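The values are calculated or read from the model by the stated rules, or taken from the named source; none is laboratory data. Please read all numbers here as calculations on a predicted model, not as lab measurements. Because the Cβ atoms are built from the backbone with ideal geometry, glycine has one as well, and the counts that use them run over all protein chains shown.
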Amino acid sequence: MKKTTLPIFPFTAIVGQEEMKLALELNVIDPKIGGVMIMGDRGTGKSTTIRAIADLLPTIEIVKDDPFNSHPTDLELMSADVLAEYQNDVALATEQIKIPMVDLPLGATEDRVCGTIDIEKALTEGIKAFEPGLLAKANRGILYVDEVNLLDDHLVDILLDSAASGWNTVEREGISIRHPARFVLVGSGNPEEGELRPQLLDRFGMHAEIRTVKDPILRVKIVEERTSFDLNPDVWLDKYATEQTALTDKIISAQNILSDVKLDYNLRVKISEVCSILDVDGLRGDIVTNRASKAYAALNGRDEVTVEDIEKVITLCLRHRLRKDPLETIDSGDKVQQVFEEIFEIEE
């Protein structure tokens with residue numbers, strides 16, 4: 001059998017960019033964190049890292065041959081047809097697939113993203129002939145938008161709608177189709193190419209900032225690793241196979257214990273205090289920080305969140321939610337860290 005897939009650079013072989021890697025891992029453990037926005041200089045490995053995490057993803061159980069990756073028992077993750085069969089006690093055949101990773105290209109049309117309804121078939125044969133789009137394929141997976149700050153406004157609105165509700169609705173000529181579209185939204189971009197609309201930025205659970213590596217020794221190491229991989233990818237994949245498997249097992253283990261992780265009431269109050277002092281709009285910042293802290297504790301095999309866990313994730317969860325002051329010289333990440341240390345009484 002010939003290999004038909006291109007080799008993917010191993011996630012565990014990526015040097016540096018720990019903030020981005022952590023944000024992606026936590027979103028895989030708990031998709032309800034709400035995705036991650038990765039902003040940084042061009043050529044810093046954003047796309048490589050995002051595609052590499054997809055290779056680590058565990059499998060999920062879906063209803064066989066269902067275009068929406070419907071869950072066999074969770075009603076919120078079922079398409080209308082599967083739900084009807086489930087309610088009528090029809091035995092559903094299932095299969096295991098890799099968690100889907102779907103790329104949303106900048107030039108995509110609305111029909112390609114949402115799906116299309118075959119009006120002619122609907123009128124002549126009286127059936128809803130629906131051709132699923134990218135949102136259907138991304139259900140229960142990851143939807144990746146490169147250069148998200150350059151995305152057309154109408155597509156941004158569609159993403160906002162689906163990310164908020166978990167459903168995609170397509171309406172044409174009086175015919176309506178609705179299907180689940182719960183996905184981890186991952187976006188990347190270069191801030192020099194334009195700012196992101198505030199309402200879309202707020203939808204991302206976490207925000208990682210990537211900077212070009214300045215250390216010459218580290219730069220040489222990165223170049224050598226990439227060159228070696230390009231020359232002989234199979235050897236390189238074998239070299240990191242053990243580490244890749246170990247990280248996958250760690251993520252699966254974290255998913256299994258996540259529901260048992262506890263976050264002390266006093267710590268929750270302090271998280272909300274930080275959000276209040278930073279004047280974060282709404283409660284999304286509080287919710288995401290709580291979730292991310294639990295996911296980080298689970299990643300480290302613990303069932304109790306510590307102050308260190310919160311410190312590790314709070315900047316990622318809040319830096320993009322602060323109101324921008326054009327006269328402010330301090331970095332938003334430093335500001336979050338400063339307030340965190342005051343509230344949690346961290347001594348330097």
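Counting only strands (runs of 3 or more DSSP E) that sit wholly inside the range 135-200, those with at least 3 residues that are touching a Leu at 6+ places or on another chain (Cβ under 9 Å) and more than 18 Å from residue 76 (Cα to Cα) are 142-146, 184-189.
Looking only at the range 26-38, decide whether some residue is among the basic types (Lys, Arg) and closer than 23 Å to residue 195 by Cβ. No, the range 26-38 contains no residue that is among the basic types (Lys, Arg) and closer than 23 Å to residue 195 by Cβ.
For the range 61-80, the tally of residues that are free of Cβ contacts under 8 Å to residues at least 12 places away in the same chain and assigned to a helix (DSSP H, G or I) stands at 1. Selection over the range 292-314 of residues that are in a helix (DSSP H, G or I) and either touching a residue at least 24 places away in the same chain (Cβ under 8 Å) or on the phi > 0 side of the Ramachandran plot (or both) gives a count of 14.
Contact map, the range 198-209: residues that are assigned by TED's automatic domain parsing to the domain that holds residue 188 and under 13 Å from residue 164 (Cβ atoms) paired with residues that are β-branched (Val, Ile, Thr) and surrounded by 21 or more Cβ atoms within 10 Å (Cβ to Cβ), Cβ distance under 8 Å, separation 6+ or inter-chain. Pairs shown: 200/148; 204/36; 205/33; 205/36; 205/288.
For the range 167-191, residues that are in contact (Cβ under 8 Å) with a residue 60 or more places away in the chain and exposed (fewer than 15 other Cβ atoms within 10 Å of the Cβ) total 2.
Just one of (1) at negative phi; (2) more than 20 Å from the chain's Cα centre (by Cα) fails for residue 206. It is (2).
The residues listed here are 73, 5; of these, the one that is farther than 19 Å from residue 212 by Cα, at pLDDT below 80, surrounded by fewer than 22 Cβ atoms within 10 Å (Cβ to Cβ) and of a type in the set (S, T, N, Q) is 5.
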